[in-house]
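Below is one structure, written out as structure tokens, with a few remarks after it.
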């Protein structure tokens, strides 16, 4: 398939997603989360921000370019299942949420995020482990980039993915959130490293 055909197919996939997507805001941990979803599942979740406008802007950054007028739609009430399970996850409690619609991502990104979902609560794995699970054993750097752009952080637990030698690596939501989430799950972090 030629490059222009691939780009055209990717654009159609993103527009199809946007035609079915809804988005909204909800309060969490003294701030505001933003979420986008379709009938198939959650597409993006922004960890709590101090102001609504920041959460909404970050949501736009997490998602693919949308058709003109998409973001002008009124906010929708965020489904209770998303709100309740997000509150649990952000407080470091086990959660039950597995319904995602990340169809706008590349197949590689989807494989990386699916592999990340296999990391048990309270445990960590390396970027290399995630790349191997996604059947791309040499792509650990690309795995890190895909995880940094994870639109459903917390539920697709990229905070559990660390660099080698017990180094934390990065986190799209900021390293403070990564440490906070890991510690709430019982993982000990000392001076930016796993203990």
message = Over 10 Å intervals from 0, what percent of Cα-Cα pairs in the chain sits in each interval?
response = 9, 36, 36, 16, 3
remark   = Relative contact order as a percentage, the chain, C-alpha pairs under 8 Å and 6+ apart, gives 18 percent
message = From Cα pairs below 8 angstrom and at least 6 apart in sequence, can you work out the relative contact order of the stretch 107-194, rounded to a whole percent?
response = 28 percent
key: Cα gyration tensor, the stretch 87-164 - rounded (a/c under 1.5), prolate or oblate   = oblate
message = For residue 135, project a label point 7 Å along Cα to C-beta. Then give me every residue of the stretch 83-107 with its amide nitrogen under 16 Å of that point.
response = 106-107
ask   = Sorting 32, 71 on the 10 Å Cβ count, fewest up front, what's the list?
value = 71, 32
request  = Would you kindly state how much longer the chain becomes between residue 15 and residue 184 on full extension, computed as 0.36 nm times their sequence separation minus their alpha carbon distance, in nm to one decimal?
outcome  = 57.1 nm
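Here, each number is a calculation from the coordinates, and none is a lab measurement. Everything numeric here is computed off the predicted structure, so don't read it as measured data. As a convention, Cβ positions derive from the backbone with ideal geometry for all residues, glycine included, and neighbour counts pool all protein chains shown.
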